[in-house]
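Each reported figure results from applying straightforward, stated rules to the coordinates on display, with no laboratory input. Since the model is a prediction, treat every value here as computed from it, not as a measurement. A quick note on method: Cβ atoms are made from the backbone with ideal geometry, for glycine too, and the neighbour counts reach across all protein chains shown.
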Amino acid sequence: MIKLGVLISGRGSNLEAILDASERKEIPAEVAVVISDRADAFGLERARKHNIPTAVINSNELEIVKVLKKYKVDLVCLAGYMKIVGKALLEAYQGKMINIHPALLPSFPGLHSQRQALEHGVKVSGVTVHFVDAGCDTGPIIFQRAVPVFENDTEETLSERILTEEHKAYPEAIRLFATGKLKLEGRRVKIT
């Protein structure tokens, strides 16, 4: 069983999906610590309800790494963490840090991906789980799930359907990592 460190900035719905999957024994992983850059993030309350240790660290990455190491974290999961990861975290968890993004990367990186998708008139959007690198949503892609875009979609309705897929995709990516089924070769991720 691997230990997860989950970094959040907001409500923590993906954190909840990970916690639920762990408690149902669907993934061989447990959340060891939740770190937020915002003290008012609702995800911290979710963690506390599950008796998971929490920390609020605004921008000191060396402190974040120190906390992750204290809890012997094997995999760092960015779950709505709204900061670009810097050198300290990248060096400490190279190939051991993943993120989820509400678009089919490389399309629509960064903020407001659903709005970008609607403005571009795409017919399909989705979710991407990827390894984290120094760029903004540019890391090697683990896998993607497609979500149709309907004519009457708003940013909110599309976001809701994508979030449903995120809650399935993130635990699945963690399961693949925890069971040694992901092999990172340059920009390509092979699932064995």
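Test of understanding: ordering Ser125, Ser13, Ser59, Ser159 by Cβ neighbours within 10 Å, fewest first, what list do you get?
Details: Ser125 26, Ser13 17, Ser59 9, Ser159 20.
If I rank by nearby Cβ atoms, fewest first, I get Ser59, Ser13, Ser159, Ser125.
Per-residue ellipticity at 222 nm from helix content only, as computed over the chain with -39500 (n - 2.57) for each DSSP H run of at least four residues, stands at -10500 deg cm²/dmol. For the stretch 9-64, GluC sites (Glu not before Pro) are listed when DSSP marks them as loop and at most 15 other Cβ atoms sit within 10 Å of their Cβ; the list is Glu26. Against the main long axis of the alpha-carbon atoms of the chain, helix 61-70 sits at an angle near 60°. In this structure, the residue pairs whose Cα-Cα separation is over 26 Å, taken from Lys87/Lys168; Lys3/Lys190; Lys3/Lys168; Lys123/Lys168; Lys83/Lys181; Lys66/Lys181, are Lys87/Lys168; Lys83/Lys181; Lys66/Lys181.
Under a 5 Å amide H cut-off, with hydrogens placed 1.01 Å from N, Ser125 pairs with Val147, Val149 among residues at least 5 apart or on other chains. Against the chain, whose longest principal axis comes from its Cα atoms, helix 13-23 is set at around 60 degrees.
Rounded to the nearest whole Hz, the Karplus-based 3J(HN,Hα) values (6.51 cos²θ - 1.76 cosθ + 1.60, θ = phi - 60°) of the stretch 99-115 follow the sequence 9, 10, 9, x, 6, 8, 4, x, 6, 6, x, x, 7, 6, 4, 5, 4, with x at glycine and proline. Here semi-axes √(5λ) of the Cα gyration tensor in Å was computed from the coordinates, and among [x] 25, 18, 17; [y] 49, 19, 15; [z] 29, 16, 15 the match is [x].
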